[in-house]
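S.K.: Sharing a structure, written as structure tokens. Questions coming.
The values are calculated or read from the model by the stated rules, or taken from the named source; none is laboratory data. The structure presented is a predicted model; accordingly, all values stated were derived computationally and were not measured. Here the Cβ positions follow ideal geometry from the backbone for every residue, glycine too, while neighbour counts run over all protein chains shown. Each accessible area value is taken on the protein alone, full model and side chains, heavy atoms only, with ligands, DNA and RNA left out. Shrake-Rupley method; radii C 1.70, N 1.55, O 1.52, S 1.80 Å.
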Amino acid sequence: MKSMNYVTPFVLCTPPCGSDKDCARCEIKPCADATRIHDAVRLIQAGARATLVCQLTDLPKKLVKRIYIMLQGHPSPRGQMPFTDAWYLENDLRMLHATLVWQLHNRIARKNRSEARIVLDVYAVYQCIVDKPQLDLTRAVFVLSLMAMDLWQQRHCQYCGNAFLAPADEKHDIACPGCRLYHRYRCYRCGNAFDAHAMGRPRTVCSHCMDSKVSNANSSKRGRR
Ligand SMILES: [Zn+2]
Ligand SMILES: [Zn+2]
Ligand SMILES: [Zn+2]
């Protein structure tokens, strides 16, 4: 993955008109324009492509492309946003981070705040609280889209009770990605660690409780790693 640029939250920024609110929809047009351009600059610096910046700021594509070249020295890469959730589902850690991004969004998003600023703030906090961000800005935004489109749903883990995200049509997910990671080498029933020599290979039988049942949560149809 490419190196990610760190984003500073907007908390201390004042809009040009001097008000204390988000001015992307300010009645004073130059203030609204300045705010949107400022947001576009921040988004590009955080790794967003021109298409995503247009989508989040409502600025004209031509202008965004020009700002992109001025900042990065080359045109915005072609190509679109991600279209499927396959990339996230390949890996439990990515799903864990996707859940985190969604939870941060629920806590941070406020009415009257522009989409661009919500995304920037969520992404800034996400980068602050994880050691190694798994999701770049585009992937983080796509998590919010998947939830908005009802392609993913929030569920509650049957092991730890925490909320997690899963595809709406995948009803077999009963363990959160955190528990799946934790139980890769530990028995679902008693929590006992599997023998060291069994590491690297998914185990279903625990020598401690002799649980020979294959746990639903431990058997992954997608072969998560
Ligand atoms: Zn204003
Ligand atoms: Zn769990
Ligand atoms: Zn056991």
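S.K.: So Met95 clears everything in (1) in contact with a strand residue (DSSP E or B) (Cβ under 8 Å, 6 or more places away or on another chain); (2) within 16 Å of ligand 3 (Cβ to nearest atom) except one condition, right? Which one?
M.R.: That leaves (2) as the condition not met.
S.K.: Within the range 59-81, restricting attention to residues that are surrounded by 16 or more Cβ atoms within 10 Å (Cβ to Cβ) and outside any helix (DSSP H, G or I), which residue is modelled with the lowest pLDDT?
M.R.: Ser76
S.K.: Ok, one more. Test Thr8 against the criterion of being modelled with pLDDT under 85 and open to solvent by 20 Å² or more (accessible area, probe 1.4 Å), and give yes or no.
M.R.: Details: modelled with pLDDT under 85: yes; open to solvent by 20 Å² or more (accessible area, probe 1.4 Å): yes.
Yes.
S.K.: Then there is this: So which of Val122, Val101 ends up being among the β-branched types (Val, Ile, Thr), free of Cβ contacts under 8 Å to residues at least 40 places away in the same chain and buried (at least 21 other Cβ atoms within 10 Å of the Cβ)? Step through it out loud before you land on a result.
M.R.: Details: Val101 fails: free of Cβ contacts under 8 Å to residues at least 40 places away in the same chain.
Being among the β-branched types (Val, Ile, Thr), free of Cβ contacts under 8 Å to residues at least 40 places away in the same chain and buried (at least 21 other Cβ atoms within 10 Å of the Cβ) holds for just one of Val122, Val101, which is Val122.
S.K.: Shifting gears a bit: Would you please name the residue that is farthest from ligand 3 (Cβ to nearest atom), looking only at residues in the range 35-50 that are closer than 18 Å to Leu135 by Cα and open to solvent by 50 Å² or more (accessible area, probe 1.4 Å)?
M.R.: Result: Gln45.
Let's see how each residue does on (1) in contact (Cβ under 8 Å) with a residue 40 or more places away in the chain; (2) aromatic (Phe, Trp, Tyr):
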position	(1), (2)
Arg66	no, no
Gly73	no, no
Arg78	no, no
Pro82	yes, no
Trp87	yes, yes
Arg94	yes, no
Asp131	no, no
Leu135	yes, no
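S.K.: Is there a residue being within 16 Å of ligand 1 (Cβ to nearest atom) and at pLDDT 80 or above anywhere in the range 117-127?
M.R.: Just the residues of the range 117-127 that are within 16 Å of ligand 1 (Cβ to nearest atom), to begin with: 117.
From what's left, at pLDDT 80 or above: 117.
Within the range 117-127, one or more residues are within 16 Å of ligand 1 (Cβ to nearest atom) and at pLDDT 80 or above.
S.K.: Inspect all residues belonging to the range 85-94 and state whether any of them is small (Gly, Ala, Ser) and within 16 Å of ligand 2 (Cβ to nearest atom).
M.R.: Here is the first cut: in the range 85-94, the residues small (Gly, Ala, Ser) are 86.
Within this subset, residues satisfying the condition of being within 16 Å of ligand 2 (Cβ to nearest atom) are none.
Among the residues of the range 85-94, not one is small (Gly, Ala, Ser) and within 16 Å of ligand 2 (Cβ to nearest atom), which makes the answer no.
S.K.: Still on this structure, please answer the following. Across the range 34-56, what is the number of residues that are of a type in the set (S, T, N, Q) and not in a helix (DSSP H, G or I)? Spell out how you get there, then give the answer.
M.R.: Looking only at the range 34-56, we keep the residues that are of a type in the set (S, T, N, Q), and these are 35, 45, 51, 55.
From the residues that got through so far, the ones that are not in a helix (DSSP H, G or I) too are none.
The qualifying residues number 0.
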